[in-house]
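The values are calculated or read from the model by the stated rules, or taken from the named source; none is laboratory data. A quick note: this is a predicted structure, and the numbers were derived from the prediction, not measured. Positions of Cβ are backbone-derived with ideal geometry, glycine not excepted, and every protein chain shown enters the neighbour counts.
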Amino acid sequence: MILRTITLENFGLYAGRQTLDLIPGRNADRDLPVVLIGGKNGAGKTTLLEAVRLALYGKRALGARVGAAEYERYLSSRVHIDVDDAIPEITSVGLEFDYAEAGIIQRFRVERSWSGRTSKATETLALYNDGALVTSVPPEEWHQFLQDLVPPGVSQFFFFDGEKIADIAHDGSHEGLAEAVRGLLGIELVGRLRIDLALYLARHSKGTDAAGAATLEAAKFDHEALKRDVGIMRDELAELEEAAARAATFASETKRRYFAEGGDAASRREQLDAAREEAQAQLTRRTAELRELAGGLLPLAVAPKLVHRIGRALGASTDAAATREAEALRERLLAWRATGDPERRAPWKESHWRDIELFLASEATRTTSAGSVLKSVPIADRHALLEALGQVRDSVGPLATFLAAELEVQTERLVEIDADLLRARSHGASMLAQELALAERKTEEAEATLRTRNEEFKQLDFKRLTAERTLDKLTRAQNEAKASDGRASLAQRVGLALEAYEERLLAQKLTQLQQSFVSRFNHLSRKDDFIADARIDPQTFETTLIDHGGREIPKSSLSAGEKQVYAIAMLWALARTSGRPLPMIIDTPLARLDLDHRTALVERYFPEASHQVIVLSTDTEIDDALLRKLGNSVSHAYRLDYDAERRATSVVPGYFDDKRGGTVRALHKT
């Protein structure tokens with residue numbers, strides 16, 4: 001891929017229509033890959049990188065969770081306004097590039113335009129191929145077509161600025177990085193091919209195995225549907241976040257105006273607000289305590305009869321003294337019968353003795369039968385249960401009553417405070433009070449809706465992940481199943497081979513990435529052979545540096561400059577390992593580096609990073625001395641001149657003035 005031109009029309013600081021030729025040149029004996037664009041801070045360097053991303057990706061250039069309303073506001077904010085506050089009729093960005101596929105080079109031009117004069121900045125997209133409007137792809141699919149040419153997750157490793165370098169240099173994991181790296185290295189394509197082969201196998205299976213086709217088809221359909229739903233909900237969340245932020249901003253501004261208008265009521269309002277926060281905190285605390293109690297012994301406190309019966313059963317099953325007393329009484333009765341001492345006054349028949357003996361025997365064994373249900377419970381646990389039941393009776397019930405009373409008290413207190421707040425609002429600011437109440441209610445509603453949808457999004461994304469794992473499991477199973485004919489058998493073998501290939505490809509790519517990273521890090525570092533090896537986690541792609549003694553080097557131990565070199569070396573290694581011939585756009589990469597590291601990047605990185613390297617630099621990053629070192633690799637240069645009176649930037653050929661020599665470093669394209 002070669003970026004040919006970038007055109008900005010009334011975009012940001014750029015007034016009128018300005019075009020930069022980005023095609024790298026060549027002299028008699030070598031390629032000149034670097035196009036150098038100089039500009040002081042605030043002149044519009046980052047705007048150029050922004051324009052390239054915007055042309056390729058539209059709304060997606062701002063991030064995955066950007067809503068339509070936010071994008072429209074962004075487009076409106078990028079319309080150039082001149083010193084007379086005149087608004088141009090058209091604002092646009094255009095990018096022309098060559099893209100090679102299957103050995104055929106095609107020339108594309110993409111242009112996005114919108115008007116700043118309308119209340120709603122609606123974008124118009126035009127896509128041309130070799131000078132003609134693209135018709136092979138429907139216009140509604142042009143956005144996706146451009147993203148498929150250069151996926152946003154891939155381009156972040158080729159079009160980057162100091163912020164991206166700092167992000168990679170920072171310690172810790174980075175959300176979405178692993179997925180982007182897998183896409184960059186081409187591993188995702190193998191996974192998709194495995195799924196397609198598994199579907200082929202399932203569709204051509206016979207007999208009982210044919211049922212797997214429907215299952216696999218359904219799994220793939222569910223996974224794709226969930227991916228679409230996740231994307232839709234992500235956009236919806238972006239809209240909701242934006243709405244909640246607008247509501248909060250409006251409520252904050254309304255509150256400020258209300259306090260400004262309220263006079264003495266403002267100080268009263270602050271006191272009431274503090275009292276309300278305290279009451280609300282107390283209410284929240286008591287509610288949490290009651291919930292915790294409800295999750296423990298509280299349910300038993302509402303069934304005292306049941307607790308009493310359980311207690312009796314536990315008591316009976318553990319009362320050994322009562323058992324011994326009943327047995328002793330029976331033995332004394334038998335002895336009394338045998339001796340007759342003391343003397344019996346009434347005549348006792350044999351049946352009387354048997355009845356009494358049976359009763360006492362029953363009493364002696366009653367505890368065993370009563371506790372039969374609990375006989376498997378250890379004695380220690382029975383005592384613990386008895387103690388818990390005692391807590392239910394003695395403390396849980398009274399505590400629950402106290403907490404319920406406290407909840408009622410705090411609720412009544414909140415009602416009273418809210419009434420006082422309403423009276424305070426009516427002091428000289430009744431209209432603003434109503435507006436503030438409405439704004440706060442809308443803010444609460446927006447935030448509540450956002451929280452609910454966030455939870456729903458988490459659940460939906462978990463379903464998507466589960467569906468993805470299910471699909472992978474079914475794919476593996478189908479590829480391992482026995483095939484019934486020649487074509488299916490061949491597809492099965494290919495599927496199994498792809499599965500093994502995917503694992504080996506990942507291992508090979510990681511090895512290449514590790515070697516490339518180590519080589520490039522040492523190539524750019526001022527400490528020769530600073531690291532001996534690197535380990536890259538195959539799941540998260542987190543990198544661990546290894547020294548020559550086999551010890552890990554914590555990233556936190558690197559200096560700020562070494563962390564910058566680490567990030568640039570990783571970006572360079574990723575680009576090379578991917579094998580994708582994409583241009584590099586590098587925005588202000590030298591700001592945090594010392595002279596040695598700057599020199600290393602200028603001499604060793606920019607000339608070798610890619611076949612086309614567009615460097616956006618300030619005059620202090622690439623000064624005259626570094627420009628002389630880079631000059632043999634520079635095709636041509638532009639300078640961005642900002643005119644404060646016109647509030648506009650102009651693009652002129654050449655680089656910055658050489659103040660010391662009085663000459664102009666005009667690197668014009670030949």
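Only one entry in Asp533, Asp587, Asp547 is under 30 Å from Leu20 (Cβ atoms), in contact with a strand residue (DSSP E or B) (Cβ under 6 Å, 6 or more places away or on another chain) and of a type in the set (Asp, Glu), namely Asp587. Only residues that are in contact with a helix residue (DSSP H, G or I) (Cβ under 6 Å, 6 or more places away or on another chain) and modelled with pLDDT of 75 or more were counted in the stretch 433-448, giving 6. Pairs linking a residue in the stretch 77-96 that is closer than 10 Å to Leu8 by Cβ to a residue that is of a type in the set (Lys, Arg) and at pLDDT 90 or above, with Cβ atoms under 7 Å and 6 or more positions apart or on different chains, are Thr91/Arg78; Ser92/Arg112; Val93/Arg112; Gly94/Arg109.
Residues in the stretch 595-607 that are more than 34 Å from the chain's Cα centre (by Cα) and in contact (Cβ under 8 Å) with a residue 12 or more places away in the chain: Asp596, Thr599, Ala600, Val602, Glu603, Arg604, Pro607. Candidates are the residues of the stretch 528-558 that are surrounded by 12 or more Cβ atoms within 10 Å (Cβ to Cβ) and under 23 Å from Glu603 (Cβ atoms); the one that is farthest from the chain's Cα centre (by Cα) is Phe530.
Answer yes or no: is there a residue in the stretch 61-78 that is over 30 Å from Leu240 (Cβ atoms) and either over 32 Å from the mean Cα position of the chain (by Cα) or buried (at least 18 other Cβ atoms within 10 Å of the Cβ) (or both). First the steps, then the outcome.
First, pick out the residues of the stretch 61-78 that are over 30 Å from Leu240 (Cβ atoms): none.
Checked the stretch 61-78: no residue is over 30 Å from Leu240 (Cβ atoms) and either over 32 Å from the mean Cα position of the chain (by Cα) or buried (at least 18 other Cβ atoms within 10 Å of the Cβ) (or both).
Assess whether Ala126 counts as being over 24 Å from Pro24 (Cα atoms) and assigned to a loop (DSSP other than H, G, I, E, B).
Here the answer is no, as Ala126 does not meet what is asked.
Whether any residue in the stretch 108-116 is over 28 Å from Glu140 (Cβ atoms) and touching a residue at least 24 places away in the same chain (Cβ under 8 Å) is what I want to check. So far as the stretch 108-116 goes, no, none of its residues is over 28 Å from Glu140 (Cβ atoms) and touching a residue at least 24 places away in the same chain (Cβ under 8 Å). Taking every residue in the stretch 507-530 that is without any contact (Cβ under 8 Å) to a residue 40 or more places away in the chain and closer than 14 Å to Leu558 by Cβ and pairing it with any residue that is assigned to a helix (DSSP H, G or I) and not polar (S, T, N, Q), at least 6 positions away or on another chain, the pairs with Cβ-Cβ distances below 9 Å are Asn522/Ala569; Lys527/Glu562; Phe530/Phe521; Phe530/Glu562.
When the stretch 496-527 is limited to residues that are buried (at least 16 other Cβ atoms within 10 Å of the Cβ), over 26 Å from the mean Cα position of the chain (by Cα) and among the aliphatic types (A, V, I, L, M), the one that is farthest from Leu595 (Cα to Cα) turns out to be Leu498.
Do we find that Gln508 is farther than 24 Å from Ala600 by Cβ, at pLDDT below 85 and either part of a loop (DSSP other than H, G, I, E, B) or among the basic types (Lys, Arg) (or both) in this structure? Criteria not met by Gln508.
For the stretch 559-574, filtered to residues that are in contact with a Leu (Cβ under 9 Å, 6 or more places away or on another chain) and surrounded by fewer than 20 Cβ atoms within 10 Å (Cβ to Cβ), the residue that is farthest from Gln515 (Cα to Cα) is Ala560.
With respect to the stated conditions, Thr577 fails to be surrounded by 19 or more Cβ atoms within 10 Å (Cβ to Cβ), in contact with a strand residue (DSSP E or B) (Cβ under 8 Å, 6 or more places away or on another chain), among the polar types (S, T, N, Q) and not in a loop (DSSP other than H, G, I, E, B). When the stretch 631-651 is limited to residues that are modelled with pLDDT under 90 and either in contact with a Ser or Thr (Cβ under 8 Å, 6 or more places away or on another chain) or over 30 Å from Asp85 (Cα atoms) (or both), the one that is surrounded by the fewest Cβ atoms within 10 Å (Cβ to Cβ) turns out to be Asn632. Figure legend. Inter-residue proximity from the stretch 623-634: first residues farther than 12 Å from Leu36 by Cα, second residues surrounded by fewer than 19 Cβ atoms within 10 Å (Cβ to Cβ), beta-carbon distance below 6 Å, spacing 6+ or different chains. Indicated pairs: Asp624/Asp658; Lys629/Glu603. So in the stretch 218-244, with the set limited to residues that are at pLDDT 80 or above and among the small types (Gly, Ala, Ser), which one is surrounded by the fewest Cβ atoms within 10 Å (Cβ to Cβ)? Checked the stretch 218-244; the qualifying residue surrounded by the fewest Cβ atoms within 10 Å (Cβ to Cβ) is Ala225.
On the given criteria, is Gln492 among the polar types (S, T, N, Q), loosely packed, with under 15 Cβ neighbours inside 10 Å, modelled with pLDDT under 85 and under 30 Å from Leu474 (Cβ atoms)? For Gln492, the condition - among the polar types (S, T, N, Q), loosely packed, with under 15 Cβ neighbours inside 10 Å, modelled with pLDDT under 85 and under 30 Å from Leu474 (Cβ atoms) - is not met.
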